[in-house]
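The values are calculated or read from the model by the stated rules, or taken from the named source; none is laboratory data. Only a predicted model underlies this, so the values are computations on that prediction, with no experimental measurement involved. Backbone-built Cβ (ideal geometry, glycine too); neighbour counts: all protein chains shown. To get the accessible areas, we keep the full protein, side chains included, count just its heavy atoms, and leave off ligands, DNA and RNA. Shrake-Rupley method; radii C 1.70, N 1.55, O 1.52, S 1.80 Å.
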Amino acid sequence: MWMARPVKGAGRIARLALFTAIALTIFMAEAQLPVIPVPGVKLGLANIVTVYVMFVMGPWDALLVLSGRVFLGAVFSGQPMTLIYSAAGGLLSWCALCLLRKALTREHIWLASPVAAVFHNFGQLLAAAAVLRSWAVMAYLPYLVIAAVLAGLFTGVAAQTLIRRLDRIRK
(Lines give C-alpha, C1' and ligand atoms only; values in the text may rest on other atoms or scores of the structure.)
Protein backbone atom coordinates (compact mmCIF):
# COMPACT_ATOMS: atom_id res chain seq x y z
CA MET A 1 0.00 0.00 0.00
CA TRP A 2 1.42 3.38 -0.93
CA MET A 3 -0.40 5.42 1.71
CA ALA A 4 1.57 7.15 4.44
CA ARG A 5 1.85 5.39 7.78
CA PRO A 6 -1.00 6.49 10.03
CA VAL A 7 -0.20 9.13 12.60
CA LYS A 8 -1.97 8.67 15.93
CA GLY A 9 -2.69 10.76 18.98
CA ALA A 10 -1.75 14.39 19.21
CA GLY A 11 0.17 14.31 15.92
CA ARG A 12 -2.95 13.22 14.06
CA ILE A 13 -5.08 15.88 15.72
CA ALA A 14 -2.49 18.52 14.91
CA ARG A 15 -2.38 17.44 11.25
CA LEU A 16 -6.16 17.42 10.97
CA ALA A 17 -6.34 20.90 12.51
CA LEU A 18 -3.64 22.15 10.15
CA PHE A 19 -5.34 20.71 7.06
CA THR A 20 -8.70 22.10 8.18
CA ALA A 21 -7.16 25.54 8.67
CA ILE A 22 -5.47 25.40 5.25
CA ALA A 23 -8.71 24.29 3.55
CA LEU A 24 -10.72 26.99 5.35
CA THR A 25 -8.20 29.68 4.43
CA ILE A 26 -8.29 28.63 0.77
CA PHE A 27 -12.12 28.54 0.87
CA MET A 28 -12.34 32.05 2.36
CA ALA A 29 -9.75 33.45 -0.07
CA GLU A 30 -11.58 31.92 -3.04
CA ALA A 31 -14.84 33.48 -1.81
CA GLN A 32 -13.21 36.89 -2.31
CA LEU A 33 -12.48 36.26 -5.99
CA PRO A 34 -14.79 37.80 -8.61
CA VAL A 35 -17.75 35.64 -9.60
CA ILE A 36 -17.23 33.49 -12.69
CA PRO A 37 -19.80 34.37 -15.41
CA VAL A 38 -21.90 31.33 -14.45
CA PRO A 39 -23.43 31.97 -11.00
CA GLY A 40 -22.56 29.39 -8.37
CA VAL A 41 -19.50 28.06 -10.20
CA LYS A 42 -16.20 28.08 -8.29
CA LEU A 43 -12.87 26.35 -8.74
CA GLY A 44 -13.21 24.60 -5.39
CA LEU A 45 -9.54 25.00 -4.52
CA ALA A 46 -10.12 23.85 -0.92
CA ASN A 47 -10.90 20.43 -2.37
CA ILE A 48 -7.20 20.00 -3.12
CA VAL A 49 -6.76 19.55 0.62
CA THR A 50 -9.67 17.11 0.87
CA VAL A 51 -8.30 14.94 -1.95
CA TYR A 52 -4.83 15.01 -0.40
CA VAL A 53 -6.12 13.97 3.03
CA MET A 54 -8.36 11.27 1.51
CA PHE A 55 -5.51 9.59 -0.34
CA VAL A 56 -2.75 10.12 2.21
CA MET A 57 -4.44 9.98 5.63
CA GLY A 58 -7.67 8.12 4.86
CA PRO A 59 -11.40 8.60 4.42
CA TRP A 60 -12.37 9.30 8.02
CA ASP A 61 -9.70 11.96 8.39
CA ALA A 62 -10.85 13.48 5.08
CA LEU A 63 -14.42 13.56 6.40
CA LEU A 64 -13.28 15.37 9.55
CA VAL A 65 -11.36 17.98 7.54
CA LEU A 66 -14.25 18.41 5.10
CA SER A 67 -16.82 18.73 7.89
CA GLY A 68 -14.72 21.26 9.75
CA ARG A 69 -14.20 23.35 6.63
CA VAL A 70 -17.86 23.24 5.65
CA PHE A 71 -19.10 24.20 9.11
CA LEU A 72 -16.52 26.89 9.77
CA GLY A 73 -16.86 28.22 6.21
CA ALA A 74 -20.59 28.75 6.76
CA VAL A 75 -19.93 30.43 10.12
CA PHE A 76 -17.13 32.70 8.89
CA SER A 77 -18.86 33.64 5.66
CA GLY A 78 -22.02 34.57 7.55
CA GLN A 79 -24.15 32.53 5.16
CA PRO A 80 -25.90 29.74 7.07
CA MET A 81 -27.61 28.39 3.92
CA THR A 82 -24.20 27.49 2.52
CA LEU A 83 -24.00 24.90 5.29
CA ILE A 84 -26.90 22.95 3.76
CA TYR A 85 -25.59 23.11 0.20
CA SER A 86 -21.94 22.53 1.07
CA ALA A 87 -22.74 19.66 3.43
CA ALA A 88 -24.93 17.92 0.84
CA GLY A 89 -22.36 18.37 -1.92
CA GLY A 90 -19.44 17.56 0.33
CA LEU A 91 -20.97 14.34 1.62
CA LEU A 92 -21.79 13.05 -1.86
CA SER A 93 -18.33 14.06 -3.05
CA TRP A 94 -16.73 12.30 -0.08
CA CYS A 95 -18.65 9.11 -0.89
CA ALA A 96 -17.36 9.23 -4.48
CA LEU A 97 -13.79 9.77 -3.24
CA CYS A 98 -14.12 6.77 -0.88
CA LEU A 99 -15.04 4.52 -3.79
CA LEU A 100 -12.36 5.95 -6.07
CA ARG A 101 -9.68 5.64 -3.39
CA LYS A 102 -9.91 1.86 -3.68
CA ALA A 103 -10.05 1.84 -7.48
CA LEU A 104 -7.31 4.29 -8.48
CA THR A 105 -3.59 3.72 -8.59
CA ARG A 106 -1.09 6.23 -7.27
CA GLU A 107 -0.60 7.70 -10.75
CA HIS A 108 -4.33 8.28 -11.29
CA ILE A 109 -5.37 10.17 -8.16
CA TRP A 110 -5.97 13.26 -10.29
CA LEU A 111 -8.97 11.50 -11.87
CA ALA A 112 -10.80 11.41 -8.54
CA SER A 113 -11.30 15.14 -8.33
CA PRO A 114 -13.43 15.70 -11.47
CA VAL A 115 -15.71 12.81 -10.47
CA ALA A 116 -15.98 14.13 -6.91
CA ALA A 117 -16.72 17.63 -8.25
CA VAL A 118 -19.60 16.33 -10.37
CA PHE A 119 -21.03 14.53 -7.32
CA HIS A 120 -20.54 17.68 -5.24
CA ASN A 121 -22.57 19.73 -7.70
CA PHE A 122 -25.24 17.03 -7.92
CA GLY A 123 -25.50 17.00 -4.12
CA GLN A 124 -25.89 20.76 -4.05
CA LEU A 125 -28.63 20.61 -6.67
CA LEU A 126 -30.44 17.91 -4.68
CA ALA A 127 -30.27 20.16 -1.62
CA ALA A 128 -31.55 23.12 -3.66
CA ALA A 129 -34.41 20.99 -5.01
CA ALA A 130 -35.35 20.03 -1.45
CA VAL A 131 -35.14 23.61 -0.15
CA LEU A 132 -37.07 25.07 -3.10
CA ARG A 133 -39.38 22.05 -3.38
CA SER A 134 -38.87 22.03 -7.12
CA TRP A 135 -36.92 19.85 -9.51
CA ALA A 136 -36.54 22.82 -11.88
CA VAL A 137 -33.05 23.49 -10.51
CA MET A 138 -31.89 20.27 -12.20
CA ALA A 139 -31.98 22.14 -15.51
CA TYR A 140 -28.74 23.73 -14.30
CA LEU A 141 -27.03 20.31 -14.07
CA PRO A 142 -25.43 20.19 -17.57
CA TYR A 143 -23.67 23.52 -16.99
CA LEU A 144 -22.50 22.45 -13.56
CA VAL A 145 -21.19 19.13 -14.87
CA ILE A 146 -19.04 20.91 -17.46
CA ALA A 147 -17.77 23.36 -14.85
CA ALA A 148 -17.16 20.54 -12.35
CA VAL A 149 -15.10 18.49 -14.79
CA LEU A 150 -12.93 21.48 -15.75
CA ALA A 151 -12.43 22.70 -12.19
CA GLY A 152 -12.01 19.12 -10.96
CA LEU A 153 -9.25 18.44 -13.47
CA PHE A 154 -7.38 21.50 -12.21
CA THR A 155 -7.79 20.63 -8.52
CA GLY A 156 -7.06 16.96 -9.20
CA VAL A 157 -3.78 17.71 -10.93
CA ALA A 158 -2.90 20.11 -8.10
CA ALA A 159 -3.65 17.43 -5.47
CA GLN A 160 -1.64 14.83 -7.41
CA THR A 161 1.30 17.24 -7.62
CA LEU A 162 1.03 18.03 -3.91
CA ILE A 163 1.07 14.34 -3.01
CA ARG A 164 4.14 13.69 -5.18
CA ARG A 165 6.06 16.68 -3.84
CA LEU A 166 5.29 15.96 -0.21
CA ASP A 167 6.21 12.30 -0.73
CA ARG A 168 9.67 13.42 -1.86
CA ILE A 169 10.05 15.57 1.25
CA ARG A 170 8.87 12.76 3.53
CA LYS A 171 11.47 10.28 2.20
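Annotation: of all residues in the stretch 12-37 being more than 20 Å from Met81 (Cα to Cα) and among the charged types (D, E, K, R), the one that is nearest to the chain's Cα centre (by Cα) is Arg15.
Name the residues in the stretch 130-148 that are in a helix (DSSP H, G or I) and either of a type in the set (S, T, N, Q) or surrounded by 15 or more Cβ atoms within 10 Å (Cβ to Cβ) (or both), would you? Answer for the stretch 130-148, where residues must be in a helix (DSSP H, G or I) and either of a type in the set (S, T, N, Q) or surrounded by 15 or more Cβ atoms within 10 Å (Cβ to Cβ) (or both): Val137, Tyr140, Leu144, Val145, Ala147, Ala148.
Name the one entry in Gly9, Gly40 that is modelled with pLDDT under 90, open to solvent by 40 Å² or more (accessible area, probe 1.4 Å) and within 19 Å of the chain's Cα centre (by Cα). First the steps, then the outcome.
On the way: Gly9 fails: within 19 Å of the chain's Cα centre (by Cα).
Being modelled with pLDDT under 90, open to solvent by 40 Å² or more (accessible area, probe 1.4 Å) and within 19 Å of the chain's Cα centre (by Cα) holds for just one of Gly9, Gly40, which is Gly40.
A Cβ distance below 7 Å, combined with a sequence gap of six or more or placement on separate chains, defines the contacts here; from the stretch 12-27, residues that are closer than 14 Å to Leu63 by Cβ and of a type in the set (A, V, I, L, M) reach residues that are assigned to a helix (DSSP H, G or I) and open to solvent by 30 Å² or more (accessible area, probe 1.4 Å) in the pairs Leu16/Leu64.
Scanning the stretch 116-129 for residues being open to solvent by 30 Å² or more (accessible area, probe 1.4 Å), more than 13 Å from Gly40 (Cα to Cα) and in contact with a Ser or Thr (Cβ under 9 Å, 6 or more places away or on another chain) gives a total of 2.
Selection over the stretch 67-97 of residues that are farther than 14 Å from Leu24 by Cβ and of a type in the set (A, V, I, L, M, F, W, C) gives a count of 10.
Scan the stretch 90-115 residue by residue and report those that are in contact with a His (Cβ under 8 Å, 6 or more places away or on another chain) and either among the acidic types (Asp, Glu) or open to solvent by less than 10 Å² (accessible area, probe 1.4 Å) (or both). Within the stretch 90-115, Gly90 is the sole residue that qualifies. Checking each residue in the stretch 77-97 for being in a helix (DSSP H, G or I) and over 18 Å from Ala148 (Cβ atoms) picks out Ser77, Met81, Leu83, Ile84. Among the residues examined, Ala14 does not qualify as open to solvent by less than 30 Å² (accessible area, probe 1.4 Å) and either charged (D, E, K, R) or part of a helix (DSSP H, G or I) (or both).
Filtered by the rule that a residue be among the hydroxyl-bearing types (Ser, Thr, Tyr) and in contact (Cβ under 8 Å) with a residue 60 or more places away in the chain, the stretch 141-171 gives Tyr143, Thr155.
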